[in-house]
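Here's the structure, in structure tokens; my notes come after.
The values are calculated or read from the model by the stated rules, or taken from the named source; none is laboratory data. Keep in mind that what you see is a predicted model, and the values were worked out from it rather than measured. Cβ coordinates were reconstructed from backbone atoms using ideal geometry, including for glycine residues, and neighbour counts include every protein chain displayed. Remember, those area values only see protein heavy atoms, side chains included, never the ligands or the DNA or RNA. Shrake-Rupley method; radii C 1.70, N 1.55, O 1.52, S 1.80 Å.
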Amino acid sequence: MAGLALSPIAGLAQNAANPLGIPDNINLLGSANPNVRKATAVVNGFVITGTDVDQRTALLVAANQQELSPEDLERVKMQVLRNLIDETLQIQAAETQEIEIDQAEIDQTYVRIAAQNFEQRPAAMDEYLRSIGSSPSSLKRQIHGELAWQRLQRRLFAPFVNVSTEEVNDLIKRLEASRGTDEYRLGEIYMSATPESAAEVEGNAQKIVEQLRQGGSFVAYARQFSEASTAAVGGDLGWIALGQLKNSTLETVVREMTPGQLVGPIAIPGGFWIGLLIDKRQVLMADPRDALLSLKQIQIDFAPDSSQDARNQQLETFLSGVEQLRGCGEAESGAAALGATVVANDQIAVRALPEQLQSILLQMQVGQITPPFGSFEEGVRVLMLCGRDDPQAASGPNFDQLMGQLEEERIQKRAQRYLRDLRNDAYIEYN
């Protein structure tokens, strides 16, 4: 490489602010845009093709249900390529440890996903994946990678992780001391960064936030981009107290969040964090929204060809009639007299209802009705409260659950370090 000095000051000594000794002004010898290269790679001999990248990208784009600009699409493809490289390294590492994932197990997981989304019809999911430009094999490869990585962690790290009884008991005491304080159900996307890559990673994270604010699927982005252990479950951290975040900056930010709020990217040690507050409740306290209600829905429909005056009169008669009903025992007979229909709903959780109705129903007594809602086109209805079973006070996680949580945190820290080592030792050729 003699004669290819990048600048007249290329020989300056390294310092704390510039540990690599890179000069401030450099002459680039080649393309200034590394993304111009084709999104394919060979990882320790395993070929990742452009088709692999396109099909996995299609899964993410479809989950977001929105169009991406050409620039954003190219950025997503490059991130997907990085994910595929990590996935390949994880599968290869598992195979080195003689961990084989049976095709039957992959297929079983695939069928379970189909059951959740396509009413137990794998063929329907096959057709859907092909229609969006992906394929069953692409999703099964992702399933293979997740299963292999989980199995590898259990073999290499789990046996060497120790959590003492004293640690768990101390955590239980802290939870009891925080009874009545807020706890949070969070979604997270974590992207690791080095000092050299921080600017690029932060830019990518900001693009992800922009897409999420425009309606992108947090679960889909977490599965594809997050490097946290929660990526496999769409970034869901579950219910946690602020102290479990173990980061004062995140604690301050999350404390001020409201359900549904998205924040980030936030710089934390080792990378950047994007958070979504899914829900909020109080530690070891019953949540009123877990109350189970017995409801009767009383609905009036309007003839499409009726006049506005006729509709108004019909609505006025309906509202006057339901207000005179004396409890749920009169619901059916009273509705019939009004030309309305009744649908009974037993054991429905308050939190399963629209937010506008939750606070109303929690303040109602048995036999009372909600304000009317709906439209002339879809019908107008009221809900009558016929019974309510309040939730018992929450007991919180037990000893075994807390021990499992602490063990999992330590396993994931080791797994992240191990993956970094795999990247450093890998032979990766980009095409």
Practice task
Rounded to the nearest 10 degrees, what's the angle between the helix 399-425 long axis and the longest principal axis of the chain, both from Cα atoms, 0 to 90?
Solution key: 40 degrees
Handout entry: Lys, Arg +1 and Asp, Glu -1 on Cβ, resulting dipole of the range 273-427 about Cα centre, debye, nearest 20
Key = 740 debye
Problem - Cα centroid separation - the range 134-163 against the range 362-431, whole Å - result: 22 Å
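For the chain, what is the calculated [θ] at 222 nm in deg cm²/dmol (nearest 500), taking -39500 (n - 2.57) for each run of four or more DSSP H residues and dividing by its residue count?
Numbers: 13 runs with 192 residues, N = 431.
Roughly -14500 deg cm²/dmol at 222 nm, from the helical runs in the chain.
What's the magnitude of the charge dipole for the range 209-335 around its Cα centre, counting Lys and Arg as +1 and Asp and Glu as -1 at the beta-carbon? Answer in Debye, nearest 20. List each step's numbers first, then the result.
Values: 10 positive and 15 negative charges, 120 e Å.
Charge dipole of the range 209-335: 580 debye, to the nearest 20.
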Practice task
Within the range 154-198, find all residues whose amide N lies under 15 Å from a label point positioned 7 Å from the Cα of ARG417 along Cα-to-beta-carbon.
Solution key: 156-162
Exercise for the section: Find how much the distance from ALA177 to THR317 grows on full extension, using 0.36 nm per residue of separation minus their present alpha carbon separation; answer in nm with one decimal. Expected result: 44.9 nm
Practice task
Note the angle between two axes, namely the Cα long axis of helix 103-117 and the longest principal axis of the Cα atoms of the chain, as a number of degrees from 0 to 90, rounded to the nearest 10.
Solution key: 40 degrees
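What Kirkwood Rh does the chain have if only Cα atoms enter the pairwise 1/r average? Answer in Å.
26.2 Å is the Kirkwood radius here.
Report the semi-axes of the equivalent ellipsoid for the range 270-386 in whole Å, largest first, where each axis is √(5λ) for an eigenvalue λ of the Cα gyration tensor.
Working through the eigenvalues yields semi-axes of 35, 19, 10 Å.
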Handout entry: Cα long-axis angle, helix 50-64 against the chain (0 to 90 degrees, to the nearest 10)
Key = 30 degrees
Problem - Convex hull volume per residue for the range 141-281, taking Cα atoms only, in Å³ - result: 136 Å³
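For the chain, which whole-number percentage of the solvent-accessible area (1.4 Å probe, protein heavy atoms only) is attributable to carbon and sulfur atoms?
Details: 12130 of 23960 Å².
Carbon and sulfur together cover 51 percent of it.
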Practice task
Compare the peptides 345-355, 377-387 by average per-residue count of other Cβ atoms within 10 angstrom and give them in order, highest first.
Solution key: 377-387, 345-355
Practice task
Mind telling me which of LEU325, LEU242, LEU406 comes out most flexible in a GNM of the chain, alpha-carbon contacts under 10 Å?
Solution key: LEU325
Exercise for the section: In debye, nearest 20, what is the charge dipole magnitude of the chain about its Cα centre with +1 on Lys and Arg Cβ and -1 on Asp and Glu Cβ, if you could check? Expected result: 660 debye
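Could you give the accessible area per residue of the chain, probe 1.4 Å, as a whole number in Å²?
Numbers: 23960 Å² over 431 residues.
On a per-residue basis, 56 Å².
Please give the contour-minus-distance gain from ALA352 to ASP102: 0.36 nm per residue of separation, less the Cα-Cα distance, rounded to one decimal in nm.
On the way: separation 250, 0.36 × 250 = 90.00 nm, distance 3.83 nm.
Net length gain for the segment: 86.2 nm.
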Handout entry: Count, lysine Cα pairs under 21 Å in the chain, 8 or more residues apart or across chains
Key = 6
Completion exercise
Taking the dipole of the range 151-218 about the Cα centre (Lys, Arg +1; Asp, Glu -1; charges at Cβ), the one of ALA205, MET191, VAL161 that reaches farthest to the positive side is VAL161
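Taking the mean number of other Cβ atoms within 10 Å as a proxy for protection, how do you rank 165-176, 141-152 from highest to lowest? List each step's numbers first, then the result.
Details: 165-176: 13.5, 141-152: 19.6.
For the peptides 165-176, 141-152, the packing ranking is 141-152, 165-176.
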